[in-house]
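Colleague: Got a structure here, written out as structure tokens. Questions coming.
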Amino acid sequence: MKPATPNTNNLKTIHIIESPRDAMQGLKTIIPADRKIQYINYLLQVGFDIIDVGSFVSPAAVPQMADTAQVIDGIKKEDSTSEIMVLVA
């Protein structure tokens with residue numbers, strides 16, 4: 001039996017996405033905004049294509065994301081090529 005060969009004819013671009021939002025939103029212990037900002041700023045130095053930093057959702061539903069606006073304000077994107085992504089629900 002021959003191994004399968006992937007069809008890459010239609011493959012144009014692969015984007016590397018890092019999602020601290022996804023990792024943090026389910027945590028029971030609230031991470032302070034300054035720690036989130038520091039972590040995201042480190043990720044920006046890595047050069048991911050896209051970084052999913054937070055979400056604008058009800059704080060009652062997802063308390064961890066209540067400070068998303070503050071986190072966005074603290075991000076230092078000047079020297080990074082990464083795009084910032086935010087979920088709005």
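Colleague: If the requirement is being aliphatic (A, V, I, L, M) and in contact with an Asp or Glu (Cβ under 9 Å, 6 or more places away or on another chain), which of these qualifies: A89, A66, A33, A23?
Modeller: Working: A89 fails: in contact with an Asp or Glu (Cβ under 9 Å, 6 or more places away or on another chain); A66 fails: in contact with an Asp or Glu (Cβ under 9 Å, 6 or more places away or on another chain); A23 fails: in contact with an Asp or Glu (Cβ under 9 Å, 6 or more places away or on another chain).
The match here is A33.
Colleague: Criterion first (in a strand (DSSP E or B), among the aliphatic types (A, V, I, L, M) and in contact with a strand residue (DSSP E or B) (Cβ under 8 Å, 6 or more places away or on another chain)) does I72 satisfy it?
Modeller: Details: in a strand (DSSP E or B): no; among the aliphatic types (A, V, I, L, M): yes; in contact with a strand residue (DSSP E or B) (Cβ under 8 Å, 6 or more places away or on another chain): yes.
No: the conditions fail for I72.
Colleague: What is the one condition in (1) at pLDDT 95 or above; (2) more than 15 Å from the chain's Cα centre (by Cα) that D79 does not satisfy?
Modeller: Evaluating D79 over (1) at pLDDT 95 or above; (2) more than 15 Å from the chain's Cα centre (by Cα) leaves (1) as the failure.
Colleague: Tell me whether region 53-75 contains one or more residues that are of a type in the set (S, T, N, Q), touching a Gly at 6+ places or on another chain (Cβ under 7 Å) and buried (at least 17 other Cβ atoms within 10 Å of the Cβ). Steps first, please.
Modeller: First, the residues of region 53-75 that are of a type in the set (S, T, N, Q): 55, 58, 64, 68, 70.
Restricting the remaining residues to those that are touching a Gly at 6+ places or on another chain (Cβ under 7 Å) gives 68.
With buried (at least 17 other Cβ atoms within 10 Å of the Cβ) added as a condition, the list becomes 68.
So far as region 53-75 goes, yes, one or more of its residues are of a type in the set (S, T, N, Q), touching a Gly at 6+ places or on another chain (Cβ under 7 Å) and buried (at least 17 other Cβ atoms within 10 Å of the Cβ).
Colleague: On the given criteria, is A89 exposed (fewer than 14 other Cβ atoms within 10 Å of the Cβ), among the aliphatic types (A, V, I, L, M), free of Cβ contacts under 8 Å to residues at least 12 places away in the same chain and farther than 17 Å from I17 by Cα?
Modeller: Details: exposed (fewer than 14 other Cβ atoms within 10 Å of the Cβ): yes; among the aliphatic types (A, V, I, L, M): yes; free of Cβ contacts under 8 Å to residues at least 12 places away in the same chain: no; farther than 17 Å from I17 by Cα: yes.
No.
Colleague: Still on this structure, I have one more. Among the residues of region 46-69, what is the count of those that are aromatic (F, W, Y) and either touching a helix residue (DSSP H, G or I) at 6+ places or on another chain (Cβ under 6 Å) or part of a strand (DSSP E or B) (or both)? Working first, answer last.
Modeller: Pass one, region 46-69, residues aromatic (F, W, Y): 48, 56.
Add one more test, that the residue is either touching a helix residue (DSSP H, G or I) at 6+ places or on another chain (Cβ under 6 Å) or part of a strand (DSSP E or B) (or both), and what stays is 56.
So the count comes out to 1.
Colleague: Please enumerate the residues belonging to region 13-45 that are assigned to a helix (DSSP H, G or I), in contact (Cβ under 8 Å) with a residue 40 or more places away in the chain and over 16 Å from K77 (Cα atoms). Walk me through how you get there before you give the answer.
Modeller: Initially, region 13-45 is screened for residues assigned to a helix (DSSP H, G or I), giving 20-24, 33-45.
Within this subset, residues satisfying the condition of being in contact (Cβ under 8 Å) with a residue 40 or more places away in the chain are 21, 24, 33-34.
Selection gives R21, M24, A33.
The values are calculated or read from the model by the stated rules, or taken from the named source; none is laboratory data. These numbers come from a predicted model, not from an experiment. Neighbour counts are summed over all protein chains in view; Cβ atoms, including those assigned to glycine, are modelled from backbone coordinates with ideal geometry.
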